[in-house]
Amino acid sequence: MPRTIVNLSEENKRWLDREARERHVSMTSLVSEAVSSYRMRAEASGRPDLQSALKDSAGLWQGGDGLAWQERLRGEWDERS
C-alpha cells in the first residue's frame, strides 16, 4: 500500500489522535476510512466525469446544422439592439 504525507491543522491532528484512541484503531486506519467514505459519497452523487458526459450526450442533437442554429439565435440578439 502506498504511503502518503498529509498536512493537518493542530486541532484536526489532536482530534484524529483522540478519535483513534477511543476507537482503538490507528490514525492511518481512520484516515483511510475517511477517504474511502468520501470517495463513495462522491461517486454515488451521480456526477459523471467529463468523458462520460461527452460520451453519453454524443449524437443527441437532431436539429440539423448546429452552427447554423447558433448563428440564427445570435442574430436575434443583434436584431433586438
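Can you give the extra length, in nm with one decimal, that the chain gains between Ser32 and Gln62 once fully stretched, where that is 0.36 nm per residue apart less the Cα-Cα distance? Stretched out fully, the Ser32 to Gln62 stretch lengthens by 6.1 nm. Counting only Cα atoms, the chain measures 69, 31, 20 Å along its principal axes, largest extent leading. Of the residues Gly64, Pro48, Thr28, the one whose Cα sits farthest toward the positive end of the charge dipole of segment 27-81, with +1 on the Cβ of Lys and Arg and -1 on the Cβ of Asp and Glu, is Thr28.
First measure r as the distance between the Cβ atoms of Val25 and Ser45, then evaluate 1/(1 + (r/R0)^6) with R0 = 22 Å and state the FRET efficiency to the nearest 0.05.
Values: r = 27 Å, r/R0 = 1.23.
That pair, Val25 with Ser45, gives E of 0.20.
Each helix, a run of at least 4 DSSP H residues, gives -39500 (n - 2.57); summed and divided by the residues of the chain, these come to -22000 deg cm²/dmol at 222 nm. On segment 19-60, 57 percent of the accessible area sits on carbon and sulfur atoms, based on a 1.4 Å probe. In this structure segment 24-81 gives 92 Å² per residue of accessible area when probed at 1.4 Å with all protein chains present. Please identify every one of the trypsin sites (Lys or Arg not before Pro) in segment 1-48 that sits in a loop by DSSP and has no more than 11 other beta carbons within 10 Å of its own beta carbon. Listed in order of number, the matching sites are Arg3.
The values are calculated or read from the model by the stated rules, or taken from the named source; none is laboratory data. Computed from a predicted structure; not experimentally measured. Neighbour counts are summed over all protein chains in view; Cβ atoms, including those assigned to glycine, are modelled from backbone coordinates with ideal geometry. Heavy atoms of the whole protein, side chains included, go into the accessibility calculation; ligands, DNA and RNA do not. Shrake-Rupley method; radii C 1.70, N 1.55, O 1.52, S 1.80 Å.
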